[in-house]
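Read through the structure below, which is laid out as structure tokens, and then see the notes.
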């Protein structure tokens, strides 16, 4: 069983996410390595928002490979280098998640695996065995 909660004793979420997701019972867990804004051919757009879209697309492809979808995501951690328009970032992430609200963390860092990378996203997902 997968249960999402926002405890009354903790502030309301500051963006579209839940404070916690509990999984119990017969669950399959999926943990992804950090997904970058790079396409299949190794191209990395200079624009950080385009990199965000690609990184989210790569997460979706990974989920599909495991027979999961966005609603199975339990946690996303965003590592961001430099400036990224907050309104546009929220819009892109909200469109990707649709109405699903996983737990999220956003961290601004000085660098990633290479200077061309502006975003990396860790993701965790789970799905009940049927």
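Quick notes
- C-alpha long axis of helix 48-65 to longest principal axis of the chain, angle in °: 40 degrees
- For region 91-105 and region 1-60, distance of Cα centres in Å: 7 Å
- The DSSP beta bridges internal to region 2-128 are antiparallel in roughly 75% of cases.
- Full-extension gain in nm, residue 66 to residue 5, via 0.36 nm per residue minus C-alpha separation: 19.4 nm
- Angle between the chain longest axis and helix 86-97 axis [Cα atoms, degrees, rounded to 10]: 50 degrees
- Fewest-first sequence of 27, 92, 3 by Cβ atoms within 10 Å of each Cβ: 3, 27, 92
- Residue 110/residue 88 FRET efficiency (R0 30 Å; Cβ-Cβ; nearest 0.05): 0.85
- Sorted by Cβ density within 10 Å, fewest first, the residues 110, 94, 48, 33: 110, 33, 94, 48
Read-outs throughout are calculated quantities, based only on the coordinates presented, and are distinct from any laboratory measurement. Everything quoted here is computed from the prediction, not taken from an experiment. In this analysis, Cβ positions are derived from the backbone assuming ideal geometry, glycine residues included, and neighbour counts consider all displayed protein chains.
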